[in-house]
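Quick notes on the structure that follows.
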Amino acid sequence: MDETWMIFVMPETGLCAGDLAQQAEKAGLRTKATCFGTLAEGEESKVRSFVDGLRRNCRGSIYARRRGFSIEDTVICARTFRLDESPPWLPRYTGQIRRYTS
């Protein structure tokens, strides 16, 4: 079963969201860099291992929590994907359909 985690990065770490996304991709995870950090998604054991490693290496500078939606879901960045002609729920619905039918 896949899990998605939000990883918030403190500026003191010296890591930017792009660097964190590259590290996650090397660990075999799907990623999305955001304004606050990175979304990492993949097999449960891989994601948890990656997050635990970050917590050990960057003690107190990283906050990570499990996200209830996949990377394709636009809950966080709904404004970015909103189309004026479409209803506001359509991008989220489309993302969920892609996730659960692939």
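The values are calculated or read from the model by the stated rules, or taken from the named source; none is laboratory data. What you see is a predicted model, and the numbers here were worked out from it, not measured in a lab. With ideal geometry, Cβ positions are generated from the backbone for all residues, glycine too; neighbour counts draw on all protein chains shown.
On the basis of being without any contact (Cβ under 8 Å) to a residue 60 or more places away in the chain and in contact with a Phe, Trp or Tyr (Cβ under 7 Å, 6 or more places away or on another chain), does residue 51 make the cut? When the stated conditions are applied, residue 51 passes them. Across the range 78-102, the qualifying residues are those that are farther than 15 Å from residue 32 by Cβ and hydrophobic (A, V, I, L, M, F, W, C), and the one among them that is modelled with the highest pLDDT is 97. When the range 46-77 is limited to residues that are farther than 17 Å from residue 27 by Cβ, touching a helix residue (DSSP H, G or I) at 6+ places or on another chain (Cβ under 7 Å) and not hydroxyl-bearing (Ser, Thr, Tyr), the one that is modelled with the highest pLDDT turns out to be 72.
Please verify whether the range 8-28 includes one or more residues that are in contact with a Leu (Cβ under 6 Å, 6 or more places away or on another chain), in the same structural domain as residue 60 (by TED's automatic domain parsing) and either crowded, with 21+ Cβ neighbours inside 10 Å or closer than 20 Å to residue 68 by Cα (or both). Taking every residue of the range 8-28 in turn, at least one turns out to be in contact with a Leu (Cβ under 6 Å, 6 or more places away or on another chain), in the same structural domain as residue 60 (by TED's automatic domain parsing) and either crowded, with 21+ Cβ neighbours inside 10 Å or closer than 20 Å to residue 68 by Cα (or both).
Reported count of residues in the range 21-45, each being modelled with pLDDT under 85 and on the phi < 0 side of the Ramachandran plot, is 4.
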